[in-house]
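See structure below.
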Amino acid sequence: MARSPTLADLRRYAIARSLFKPVTLPAAIRRLGFVQADPMRAPARAQDLILFQRVRGYRAGDLARRYERLGIEEDAFVNYGFMPRAMQAMLHPRTPRRPWDALTMDRAQEVLAFVQARGAVHPREVGEAFAHHGRIAGYWGGELNASTRLLEHMHHHGWLRVRRREAGTRIYEAMRHVEQDDSPAARRARAEALVDAIVALYAPIPSPSLGYLVTLLRYGAPHLTVETRAAARAARERYNHAVVDGTSWFWPADENPASRRHQPGEGLRLLAPFDPVVWDRRRFAMLWDWTYRFEAYVPAPKRTMGHYALPVLWGEDMVGWANLRMERGRLSHQLGFAVKRPKGPGFQRALDDELARFQIFLTQET
């Protein structure tokens with residue numbers, strides 16, 4: 001019988017299973033199952049930063065450039081991001097928590113006919129054709145065309161898909177999802193598969209974080225809320241688990257966090273704020289005994305780590321954070337440390353190597 005893991009075992013396991021040996025881009029997406037997206041580019045978008053650490057020779061923007069050939073989709077899971085089509089199929093047809101009113105339904109039908117007639121559309125085209133829809137408040141202030149927001153909702157409801165992006169803007173085309181078996185057994189199986197995907201991506205997961213992530217599935221699978229909650233309650237039967245320092249932790253049934261094969265790679269990594277290794281702030285604090293904060297939306301005078309702090313992984317230790325900027329084609333950086341800067345020349349060499357990798361990764365962006 002395998003021994004119960006220690007917190008140190010869980011820490012090494014969390015790093016080694018997620019930061020796997022670099023593979024091809026399609027293989028990395030399949031292995032992760034979901035890559036969270038974020039439009040902010042500081043110094044690169046979250047999806048590029050995540051894939052950079054897992055894909056051989058990856059350059060910023062490669063995902064967008066190759067999107068149409070990868071057999072993947074942009075859609076909502078626990079957050080918004082990229083996923084294999086098999087994953088998306090489990091999320092649709094998606095029944096919204098709040099049905100559209102008659103006016104919105106009529107407008108959506110008109111916009112859908114417009115998209116179908118053209119094959120693929122830029123939101124600007126829809127905004128011009130349906131200017132009579134008016135304008136509404138944007139998420140981050142200002143105003144936008146009501147039709148632009150409607151396109152986003154039609155995408156979420158499964159009427160549209162993202163065919164590609166142009167300069168970061170979604171280009172939509174019509175989409176129709178295959179009807180699913182809606183029997184109780186089939187719904188339960190889809191819900192269990194979605195919770196399995198969460199555990200596979202974020203393991204080892206402390207019990208409170210698993211509950212929170214399953215709650216976030218209301219975003220991607222609102223119609224399966226009852227079933228996903230039931231799957232979470234059955235976690236002790238579905239997944240391996242142990243109580244470590246008073247907290248229950250879960251991981252896939254066929255894995256062993258205490259195995260000696262889980263060894264962090266050598267060197268230093270600068271990780272995205274939404275990287276699976278650091279995404280769960282609760283788990284981060286438990287594994288590394290300090291609190292990492294994402295402060296991009298915090299007023300500058302109140303920031304303690306910077307606008308877009310990237311956690312610094314040195315071996316199996318999260319020693320601090322870095323803020324990177326491209327200035328006239330050159331990469332500049334600022335460091336902060338959770339306790340104190342590691343001693344010895346090895347840390348500086350590893351940092352220099354990682355910054356050199358980032359320079360290549362970023363200067364190829366278009």
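The values are calculated or read from the model by the stated rules, or taken from the named source; none is laboratory data. Bear in mind the structure is a predicted one, so any value in this text is a computation, not a measurement. Cβ coordinates were reconstructed from backbone atoms using ideal geometry, including for glycine residues, and neighbour counts include every protein chain displayed. Calculation scope for accessible area: heavy atoms of the full protein, side chains included, ligands and nucleic acids excluded. Shrake-Rupley method; radii C 1.70, N 1.55, O 1.52, S 1.80 Å.
Quick notes on this structure:
- Residues with amide H under 5 Å from that of residue 37, placed H, sequence gap 5 or more: 80, 81, 82
- R0 of 35 Å, Cβ-Cβ distance residue 86-residue 328: FRET efficiency to nearest 0.05: 0.20
- Share of alpha-carbon pairs per 10 Å distance bin for segment 1-124, given as whole %: 10, 29, 31, 19, 8, 3, 0
- Among 217, 292, 304 the positive-end extreme of the charge dipole of segment 210-366 (Cβ point charges): 304
- For segment 307-366, alpha-carbon Rg relative to the globular expectation (2.2 N^0.38 Å, N residues): 1.16
- Hull volume in cubic angstrom per residue (convex hull over the Cα atoms of segment 175-304): 182 Å³
- Solvent-free Debye calculation, one equal scatterer per alpha-carbon of segment 67-151: log10 I(q)/I(0) at 0.13, 0.16, 0.23, 0.25 Å⁻¹ equals -0.57, -0.86, -1.26, -1.24.
- Averaging Cα coordinates gives a centre for segment 311-366 and one for segment 77-130; these two points are 40 Å apart.
- In order along segment 174-184, the Karplus-derived 3J(HN,Hα) couplings, from 6.51 cos²θ - 1.76 cosθ + 1.60 at θ = phi - 60°, round to 5, 9, 9, 7, 5, 5, 9, 4, 9, 5, x Hz, and Gly and Pro are given as x.
- Whole-Å distance, taken between Cα centres, linking segment 198-244 and segment 268-283: 19 Å
- Of the trypsin sites (Lys or Arg not before Pro) found in segment 35-89, those that fall in a DSSP loop while having at most 11 other beta-carbon atoms within 10 Å are 56.
- Sparsely packed trypsin sites (Lys or Arg not before Pro) within segment 228-303, loop by DSSP, other Cβ within 10 Å at most 10: 260, 261
- The apolar share of the surface of the chain, taken as the fraction of accessible area on carbon and sulfur atoms (1.4 Å probe, ligands and nucleic acids excluded), comes to 50 percent.
- In a reduced charge model with +1 at each Lys and Arg Cβ and -1 at each Asp and Glu Cβ, segment 240-366 shows a dipole moment near 500 debye about its Cα centre.
- The chain: relative contact order as a whole-number percent, Cα under 8 Å and 6+ apart: 20 percent
- Across every direction, the projection of the convex hull enclosing the Cα atoms of segment 94-211 has a mean area of 10.4 nm².
- Over the chain, the ratio between the Cα radius of gyration and 2.2 N^0.38 Å evaluates to 1.05.
- Per residue value of the accessible surface for the chain (all protein chains in place, 1.4 Å probe), Å²: 49 Å²
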